[in-house]
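Asker: One structure, as C-alpha cells, below. Some questions next.
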Amino acid sequence: MRNRVRRGILACLLAGVASPALAQDAAVTAARFGQMEAVRQMEAVRQMALSPSGKQVSYIANVGNGAQVLYVVDLAAGGTPKGIMKQTMPEQTLRNCTWGSEEVLASYIDIHSRTSGQVTAASRLFSVSADGKAVSMVTGNEASSSYTSRYGGVVIDRGGQDGHVLITRMFLPADESLSNVTTSQYLGLGVEDYDLKNRRRTTVERPREEYQEFITDGHANIRISARLSENVTALKSWTRHYFYRKPGSRDWFSLSSVTRDADGLWSGFDPYAVDAAKNVAYGFDHADGRTALYTVALDGSGKQELVLSRPDVDVDGLITIGRHHRVIGASYATERRINDYFDPEIKKLAEGLHRALPGQPQVSFADASADENKLLLFAGGDTSAGTYYLYDKASHQLGELLPVRPALAGTPLAPMQSVQFPAADGTMIPAYLTLPVGSSGKGLPAIVMPHGGPTARDEWGFDWLVQFFAARGYAVIQPNYRGSAGFGAEWFRKNGFKSWRDAIGDVNDAGRWLLHEGIAAPGKLAIVGWSYGGYAALQSQVLDPDLFKASVAVAPVTDLALLKFEASTDWNSDAFERFIGSGPHISEGSPAQNAARFKVPVLMFHGDHDMNVDIDQSRHMANSLRAAGKSVELVEYPGLTHALSSSAARTDLLTRSDAFLRKALGIAP
C-alpha cells in the first residue's frame, strides 16, 4: 500500500499550544503531564467524528480548566477549526459528538451536582448546526409534575434517513406525544426518530417500564430489546432478557437471558450488534471459562456459532465501523491489545497502516464517511499519547489531523514492557513495567500502581500517570492481580472486594518482586492507586504494613460497610449489596477499620462531585487515621468528579504526589 503521510491538515487546532522543550524541573513536568487531552479521550465515547461526506471533522477539546468546546473543521477550506458549542460551567461536561447529516450534529452534556451531601447526575442531548448558528435540546419531556428524568437519551442509530437519528428516551406521565392514550401505561424507555435539522420527533417504539436497552441493525430498524426479569425485586439488574425481531416484523421472540451472580460474574449470550445482511446478532458468551464472540441467527432457528475465542484471555471487544455500525472484527488483550479483523479489505489496510506508523502500533478506526472511502484513525502506543489521522482510500493518502496531547511534544516517554512475577503461592502474575528513560533499571525509587475497577485490567499503551512518575525517575509496575477482568472467571475470583486477600496479596508481591530483582532500591518503595487502585494502596498496609514506605490514594474506597450504606438508596442497591457481600471481609477488608495497622504516611485526593466513590470514603479514612495518630493528608477538589478532569487539579495532584513521595522515600527534589 502506498501511504504518504501529510502533516498539518488542521493548521491551528489549539491556539496557544506550543511544542515544549524537555522538562527541566518538577513543576514543568507536572504541568505537561497534568495537561488534559487536546481531544477528550473517554472509553466508548465518540469525541472525534467524521461527517457523512468525509469533508468535515468534529471534535471536543478541553480548553482551560473544566471547559470544553465542540469544534468543526472544513478540511477542504484550509483546516481551521470553528467552535460551534462551548461549555464552561464546572458542573457540566460536553461529551460525544456524532453527525446526523452534513449540516447538523448531536452532542451530549453531562450535569452533576452535590446537594444535601448527595451527588446526582443527569444528561441532556442537543442538536447543533455545523455552523453553530442553531442549537436546540433534543431530550424531550424531561420533567413532569411527579418525576424528573436524569436520563437524556442516547443516539442508537444514525444510518437511516439523512439528518434523522434514532434515540432512546424516558417517557414520562402527561407526555403530550402520547396524549391519545393512557399515559401511565407507557411510562418507561422507548425510541424516537428525531429530525435534527427540523426538530421533529416521532415515536417508533412505544415505551414499557421493563425496557432497558434497544439494539438496531444500523439501518434504523430496531431488532433487539432488553427487559428486566418480571421478578424485579429479587433479581434487580441481575437477570436481563433479550428479545429479537425477524426482518420486517414487529413481533418479539425470545433470544437469550444474561444473568450476573452475586460476585459480578455473568452467563448467557449478551448481544451487542446486529448484522442486517447476515441476519445475525453478534454478542459475547463463554467458552471454556473465558469470554468469546458468537453470532446467533435471527431467523427463528436460534443457531449459535463461535466466531472468535482465546485459550488465555477474554475476547472482550467488538469492532464496528461507519454510520451503519458494520461489524468488522473483534479485539482482545494479551500482552498488547490485538484487533482481529474479519473484513479482508480492512485487515489488509490495517496491516499497511501499521507499517506506515511504526512508532504508533495501536491503530484503530474511529469513524468513516458514509461510503467508507475516508476513514478517521487513531494511532498511539506506550511512548506516544496518540494522534488522529484521516485516510483516503482513493488517493492512499494518510493525513495527520491532531495530536491528543500536544503539551508532550518533544518530551521523551518511557517504554512499557510486559513482565511476570510470582505470587506467594507460585502463581505467575502478568504485569507491565515502565523504567525511566536512560536508567539502568536497578536501584531505583519504585512505585506499585494497581489499576481501578476491580472489574478492569491494565493494558499496554500510554498512561499519563505512569509516564509522569517515570519522567521523575521512578520505576513503575502495574500488576494485573487476581480479581482483574479479562483473564477468565477463575482469575476474576469472587471479585476484588470479596477476594481482597488474593488481590492485595498479588499487589504486595509486585513490590516484593521489584525489591528482589534489584529494580527497587531498599527503602525506596511506594504504592499509588486510583479508585479500586486507591483502595489497594491503602489495604496493602493492612496486609503488610512494613512493605511500602508511602501510600498515595486517589478517590479510594476505604470502608466496605460505608460503601454498602451509600448505595442503599440507589436503584440497583440489591445487586450492589450482593456484589460487596457480607461476612468478616467487610471489616477485615476495610482500611478505614484497620487504621491502627498503618505505619506509613498517607496522601489522598478526591473530587467532591465523585459519582463513583463518594468523597465521604476519603474523609472517613482521614478521620480514622488521625484518630489512630497516623500521618495523613486529604486534598479535596471542589466540583470535580471521579476522573478529576481538570488540568489544574491533575497538575496539582502530580506536584503534591511527587513531593510527598520524595520526602517519604528520602529522594532529592
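Asker: Would you say Gly511 is over 25 Å from the mean Cα position of the chain (by Cα), farther than 21 Å from Gln420 by Cα and either open to solvent by less than 10 Å² (accessible area, probe 1.4 Å) or in contact (Cβ under 8 Å) with a residue 60 or more places away in the chain (or both)?
Answerer: Numbers: over 25 Å from the mean Cα position of the chain (by Cα): yes; farther than 21 Å from Gln420 by Cα: no; either open to solvent by less than 10 Å² (accessible area, probe 1.4 Å) or in contact (Cβ under 8 Å) with a residue 60 or more places away in the chain (or both): yes.
The answer is no for Gly511.
Asker: Exactly one condition in (1) touching a residue at least 60 places away in the same chain (Cβ under 8 Å); (2) on the phi > 0 side of the Ramachandran plot is not met by Gly426; state its number.
Answerer: Only one criterion is unmet by Gly426, namely (1).
Asker: Which condition breaks for Leu547 when tested against (1) more than 18 Å from Asp614 (Cα to Cα); (2) touching a residue at least 40 places away in the same chain (Cβ under 8 Å); (3) of a type outside the set (Gly, Ala, Ser)?
Answerer: (2)
Asker: Can you work out which of the residues in the stretch 481-518 that are in a helix (DSSP H, G or I) and of a type in the set (S, T, N, Q) is modelled with the lowest pLDDT?
Answerer: Start the filter on the stretch 481-518 by keeping residues that are in a helix (DSSP H, G or I), which leaves 489-492, 495-498, 500-516.
Going one step further and asking which of them are of a type in the set (S, T, N, Q), we end up with 495, 508.
Working: Asn495: 87, Asn508: 98.
Ranking the qualifying residues of the stretch 481-518, first place goes to Asn495.
Asker: Shifting gears a bit: Inspect all residues belonging to the stretch 291-304 and state whether any of them is surrounded by fewer than 19 Cβ atoms within 10 Å (Cβ to Cβ), at pLDDT 95 or above, in a strand (DSSP E or B) and over 24 Å from the mean Cα position of the chain (by Cα).
Answerer: yes
Asker: To continue, here is another question. Hey, can you tell me all the residues within the stretch 213-231 that are modelled with pLDDT under 95, within 28 Å of the chain's Cα centre (by Cα) and open to solvent by 60 Å² or more (accessible area, probe 1.4 Å)?
Answerer: none
Asker: Mind listing whichever residues of the stretch 261-277 are of a type outside the set (Asp, Glu), closer than 22 Å to Leu306 by Cβ and either touching a residue at least 24 places away in the same chain (Cβ under 8 Å) or touching a helix residue (DSSP H, G or I) at 6+ places or on another chain (Cβ under 9 Å) (or both)?
Answerer: Narrowing the stretch 261-277 to residues of a type outside the set (Asp, Glu): 262, 264-269, 271-274, 276-277.
Of the ones still in play, those that are also closer than 22 Å to Leu306 by Cβ are 265-269, 271-274, 276-277.
Leu265, Phe269, Pro271, Tyr272, Ala273, Val274, Ala276 - these are the residues of the stretch 261-277 that are of a type outside the set (Asp, Glu), closer than 22 Å to Leu306 by Cβ and either touching a residue at least 24 places away in the same chain (Cβ under 8 Å) or touching a helix residue (DSSP H, G or I) at 6+ places or on another chain (Cβ under 9 Å) (or both).
Asker: Oh, and also: Just need a number here: residues in the stretch 593-624 that are more than 14 Å from Ala555 (Cα to Cα) and not hydroxyl-bearing (Ser, Thr, Tyr).
Answerer: From the stretch 593-624, those more than 14 Å from Ala555 (Cα to Cα) are 593-601, 623-624; that's our starting set.
Subset that is not hydroxyl-bearing (Ser, Thr, Tyr): 593-601, 623.
Summing the residues that are more than 14 Å from Ala555 (Cα to Cα) and not hydroxyl-bearing (Ser, Thr, Tyr) in the stretch 593-624 gives 10.
Asker: I'd like to know if the stretch 634-642 contains one or more residues that are among the β-branched types (Val, Ile, Thr) and over 29 Å from the mean Cα position of the chain (by Cα). Break it down into steps so the answer makes sense when it comes.
Answerer: Kept after step one, since they are among the β-branched types (Val, Ile, Thr), are these residues of the stretch 634-642: 635, 641.
From what's left, over 29 Å from the mean Cα position of the chain (by Cα): none.
Looking through the stretch 634-642, none of the residues is among the β-branched types (Val, Ile, Thr) and over 29 Å from the mean Cα position of the chain (by Cα).
Asker: Quick check on my filter: what residues within the stretch 519-544 are over 27 Å from His642 (Cα atoms) and out of contact with any strand residue (DSSP E or B) (no Cβ under 9 Å at 6 or more places or on another chain)?
Answerer: Filtering the stretch 519-544 for residues over 27 Å from His642 (Cα atoms) gives 519-524, 544.
Passing the criteria: Pro522, Gly523, Asp544.
Asker: Can you spot a residue in the stretch 590-613 that is more than 17 Å from Met449 (Cα to Cα), polar (S, T, N, Q), free of Cβ contacts under 8 Å to residues at least 60 places away in the same chain and surrounded by fewer than 22 Cβ atoms within 10 Å (Cβ to Cβ)?
Answerer: The answer is yes; a qualifying residue exists.
Asker: Within the stretch 269-282, can one find any residue that is in a loop (DSSP other than H, G, I, E, B), open to solvent by less than 20 Å² (accessible area, probe 1.4 Å) and touching a strand residue (DSSP E or B) at 6+ places or on another chain (Cβ under 9 Å)? Even if it seems obvious, please write down each step before you answer.
Answerer: Keep residues of the stretch 269-282 that are in a loop (DSSP other than H, G, I, E, B), which gives 269, 276-279.
From what's left, open to solvent by less than 20 Å² (accessible area, probe 1.4 Å): 269.
Subsequent filtering for residues that are touching a strand residue (DSSP E or B) at 6+ places or on another chain (Cβ under 9 Å) retains 269.
Checked the stretch 269-282: at least one residue is in a loop (DSSP other than H, G, I, E, B), open to solvent by less than 20 Å² (accessible area, probe 1.4 Å) and touching a strand residue (DSSP E or B) at 6+ places or on another chain (Cβ under 9 Å).
Asker: Read through the list (1) under 30 Å from Gly160 (Cβ atoms); (2) in a loop (DSSP other than H, G, I, E, B), then give the number of the only condition that Pro311 fails.
Answerer: Of the numbered conditions (1) under 30 Å from Gly160 (Cβ atoms); (2) in a loop (DSSP other than H, G, I, E, B), the odd one out for Pro311 is (1).
Asker: Among (1) in contact with a Pro (Cβ under 6 Å, 6 or more places away or on another chain); (2) closer than 29 Å to Asn623 by Cβ; (3) open to solvent by 30 Å² or more (accessible area, probe 1.4 Å), which single condition is Arg501 missing?
Answerer: Against the list (1) in contact with a Pro (Cβ under 6 Å, 6 or more places away or on another chain); (2) closer than 29 Å to Asn623 by Cβ; (3) open to solvent by 30 Å² or more (accessible area, probe 1.4 Å), Arg501 comes up short only on (1).
Asker: When residues of the stretch 94-107 are filtered for being modelled with pLDDT under 90 and closer than 16 Å to Thr168 by Cβ, how many remain?
Answerer: 1
Asker: Within the stretch 232-254, track down each residue that is under 28 Å from the mean Cα position of the chain (by Cα), at pLDDT 95 or above and among the hydrophobic types (A, V, I, L, M, F, W, C).
Answerer: Phe243
Asker: Can you tell me which condition Gly322 does not meet? The list is (1) within 27 Å of Lys374 (Cα to Cα); (2) touching a Ser or Thr at 6+ places or on another chain (Cβ under 9 Å); (3) free of Cβ contacts under 8 Å to residues at least 40 places away in the same chain; (4) surrounded by 15 or more Cβ atoms within 10 Å (Cβ to Cβ), and all the others hold.
Answerer: The failed condition is (3).
Asker: If you don't mind, another one. Of the residues Ser582, Ser587, Ser645, which is assigned to a loop (DSSP other than H, G, I, E, B), hydroxyl-bearing (Ser, Thr, Tyr) and open to solvent by 40 Å² or more (accessible area, probe 1.4 Å)? Let's see the steps before the verdict.
Answerer: Numbers: Ser587 fails: assigned to a loop (DSSP other than H, G, I, E, B); Ser645 fails: open to solvent by 40 Å² or more (accessible area, probe 1.4 Å).
Matching residue, one of Ser582, Ser587, Ser645: Ser582.
Asker: Just a yes or no: is a residue in the stretch 330-349 open to solvent by less than 10 Å² (accessible area, probe 1.4 Å), assigned to a strand (DSSP E or B) and aliphatic (A, V, I, L, M)?
Answerer: yes
Asker: Under 18 Å from Gln467 (Cβ atoms), hydroxyl-bearing (Ser, Thr, Tyr) and out of contact with any helix residue (DSSP H, G or I) (no Cβ under 6 Å at 6 or more places or on another chain): does that describe Ser646? Let's see the steps before the verdict.
Answerer: Numbers: under 18 Å from Gln467 (Cβ atoms): no; hydroxyl-bearing (Ser, Thr, Tyr): yes; out of contact with any helix residue (DSSP H, G or I) (no Cβ under 6 Å at 6 or more places or on another chain): yes.
When the stated conditions are applied, Ser646 does not pass them.
Asker: OK, next. Kindly establish whether Val557 is modelled with pLDDT of 95 or more, in a loop (DSSP other than H, G, I, E, B), open to solvent by less than 50 Å² (accessible area, probe 1.4 Å) and out of contact with any Pro (no Cβ under 6 Å at 6 or more places or on another chain).
Answerer: Numbers: modelled with pLDDT of 95 or more: yes; in a loop (DSSP other than H, G, I, E, B): yes; open to solvent by less than 50 Å² (accessible area, probe 1.4 Å): yes; out of contact with any Pro (no Cβ under 6 Å at 6 or more places or on another chain): yes.
Yes: the conditions hold for Val557.
Asker: Return the total of residues in the stretch 470-495 being more than 19 Å from His286 (Cβ to Cβ) and either in contact with a helix residue (DSSP H, G or I) (Cβ under 9 Å, 6 or more places away or on another chain) or open to solvent by less than 10 Å² (accessible area, probe 1.4 Å) (or both).
Answerer: Pass one, the stretch 470-495, residues more than 19 Å from His286 (Cβ to Cβ): 470-481.
So of that shortlist, the ones also either in contact with a helix residue (DSSP H, G or I) (Cβ under 9 Å, 6 or more places away or on another chain) or open to solvent by less than 10 Å² (accessible area, probe 1.4 Å) (or both) come out as 470-472, 474-481.
Residues that pass the stated criteria total 11.
Asker: Restricting attention to the stretch 71-114, which residues are within 21 Å of Val155 (Cβ to Cβ), open to solvent by 40 Å² or more (accessible area, probe 1.4 Å) and assigned to a loop (DSSP other than H, G, I, E, B)?
Answerer: Those that are within 21 Å of Val155 (Cβ to Cβ), open to solvent by 40 Å² or more (accessible area, probe 1.4 Å) and assigned to a loop (DSSP other than H, G, I, E, B): Glu102, Glu103.
Asker: In this structure, is Gly529 within 19 Å of the chain's Cα centre (by Cα) and part of a strand (DSSP E or B)? Reasoning before the result, please.
Answerer: Values: within 19 Å of the chain's Cα centre (by Cα): yes; part of a strand (DSSP E or B): yes.
The answer is yes for Gly529.
Asker: Could you list all residues from the stretch 616-642 that are buried (at least 22 other Cβ atoms within 10 Å of the Cβ) and without any contact (Cβ under 8 Å) to a residue 40 or more places away in the chain?
Answerer: Within the stretch 616-642, Leu625 is the sole residue that qualifies.
The values are calculated or read from the model by the stated rules, or taken from the named source; none is laboratory data. Keep in mind it's a predicted model, so treat the numbers as computed, not measured. Positions of Cβ are generated from backbone atoms using ideal geometry, with glycine treated the same way; all protein chains shown enter the neighbour counts. Please note that ligands, DNA and RNA were not included when accessible areas were found on the heavy atoms of the full protein model with its side chains. Shrake-Rupley method; radii C 1.70, N 1.55, O 1.52, S 1.80 Å.
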